[in-house]
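Trainee: The structure is given below, and queries will be raised subsequently.
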Amino acid sequence: MSTCKPQKHPKNTVKTRLIIFSVLAIVLVVCAFFSEYLTPYDPYLQNLDIAKQAPSREHLLGTDRYGRDMLSRVIAGSRASIFSTLLLVAVITAIGTVVGVACGWTGGWVDTVLMRLSDVFLAFPGLVFALAVAGTLGGGLQNAMIALAAISWPKYARIARSQTLAQKETAWMKAVRLSGSSTGKILLGHILPNIMGPILITSMLDIGTMMMELAALSFLGLGAKPPIPEWGSMMSDTRNLMTTSPWIPFSPGIAIFISVMIFNLLGDTVRDYADPKSRR
């Protein structure tokens, strides 16, 4: 006599993961927004008497070479690191979507020119091209964001274009066009709502990647400049202390690791949740 094993419900598991990682991401963003109120010490206050102090009860992550509290520096740096990443992802998502929809809907020479332009950007190694652009524009967090935006929009443009072409050929879309609706109404009311799913999932998966690339440019001196607390520049400024005072460069590094992990897990979970197979 065979026994029936209880069936697993992967959808419930994915939903639980989605709630957990969404809460963690929201907490991270909220803490970054209110970072100036959460720092136990002034992140800019220098005290050479306690320079390079190891982690203790008073300074949980120790102090840097100028006696500044590392925990306060890490918390203060979350605002620049996280919000610059979110803004960057929002910008490249918007630019790529607009270009992709324009190419897919218009076709002709517009599609040819913009897609060949995207091929040019995709032909270069991403971070190498970003280094060249950031170096040309000069240092600074804003220029680093411009450099990464310049190389990151083609992926979204291709996704939006393919989705638009697929929607454009459906029977219901042909009926909408025959009904006399304006192009703007069709694009905003019918095309965009039906293509945003894959685009938003891609953008969520890109948050962790963009955060690491922004930190990499700052680490190489092409991003945020000291004394502005930003995780990549903090690691760059203290990398020579790796052997003598490892808690100083490790603190922002751990913050990057935790933040990237949370956003990556959230993106993976959203992708799994949107997968029709997980609903069976």
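Trainee: How fast does segment 121-280 diffuse by Stokes-Einstein, in µm²/s, taking the Kirkwood radius from C-alpha pairs at 10 °C and 1.306 mPa s? Display every interim value, and only then the final one.
Mentor: Working: Rh = 18.5 Å.
Using the Kirkwood radius from Cα pairs, D works out to 86 µm²/s.
Trainee: Within the chain, which whole H helices from DSSP have a Cα span along their axis of at least 15 Å and a mean Kyte-Doolittle hydropathy of 0.5 or more, if any? Present the calculation step by step, with values, prior to reporting the outcome.
Mentor: Details: long enough: 10-33 (34 Å, 1.58); 70-106 (53 Å, 1.54); 108-123 (23 Å, 1.01); 126-137 (16 Å, 2.21); 141-168 (39 Å, 0.09); 192-219 (39 Å, 1.26); 247-274 (40 Å, 1.03).
Sorted by number, the helices that extend far enough and score high enough are 10-33, 70-106, 108-123, 126-137, 192-219, 247-274.
Trainee: Excluding Met115 itself, calculate the net charge of residues whose Cβ lies under 10 Å from the Cβ of Met115, where each Lys or Arg counts +1 and each Asp or Glu counts -1. It would help to have the intermediate numbers written out before the result.
Mentor: Details: positive: Arg116, Arg158, Arg161; negative: Asp111, Asp119.
My count for the surroundings of Met115 gives +1.
Trainee: Taking Cα pairs under 8 Å and at least six residues apart, what relative contact order does the chain come out at, in percent? Don't skip to the answer; put the middle values down first.
Mentor: On the way: 387 pairs, mean separation 66.6, N = 280.
Reported as a whole number, the value is 24 percent.
Trainee: Around Leu61, which amide H atoms from residues at least 5 apart in sequence, or from another chain, sit under 5 Å from its own amide H, with H modelled in the peptide plane?
Mentor: Placed amide hydrogens put Ser56, Met70, Leu71 under 5 Å from Leu61.
Trainee: Once each part is reduced to its C-alpha centroid, what is the distance from segment 122-150 to segment 210-280 in angstrom?
Mentor: Their Cα centres are 18 Å away from one another.
Trainee: If you don't mind, there's one more thing I want to ask. Specify the inter-centroid distance of segment 167-183 and segment 8-81, based on alpha-carbon positions, in whole Å.
Mentor: 50 Å
Trainee: Same structure, new question: When ranked by the protection proxy of mean other Cβ atoms within 10 Å per residue, highest first, what sequence do the peptides 17-30, 57-70 form?
Mentor: On the way: 17-30: 14.9, 57-70: 19.1.
Top of the packing list down: 57-70, 17-30.
Trainee: Under unit Cβ charges (Lys, Arg +1; Asp, Glu -1), what dipole magnitude, rounded to 20 debye, does segment 137-280 have relative to its Cα centre? Spell out each step's value before the answer.
Mentor: On the way: 13 positive and 8 negative charges, 159 e Å.
Approximately 760 debye in magnitude.
Since every read-out is calculated from the coordinates, none of them should be taken as a lab result. All of these numbers come straight from a predicted model, not from anything done at the bench. Quick reminder, even Gly has a Cβ in these numbers, built from the backbone with ideal geometry, and neighbours come from all protein chains shown.
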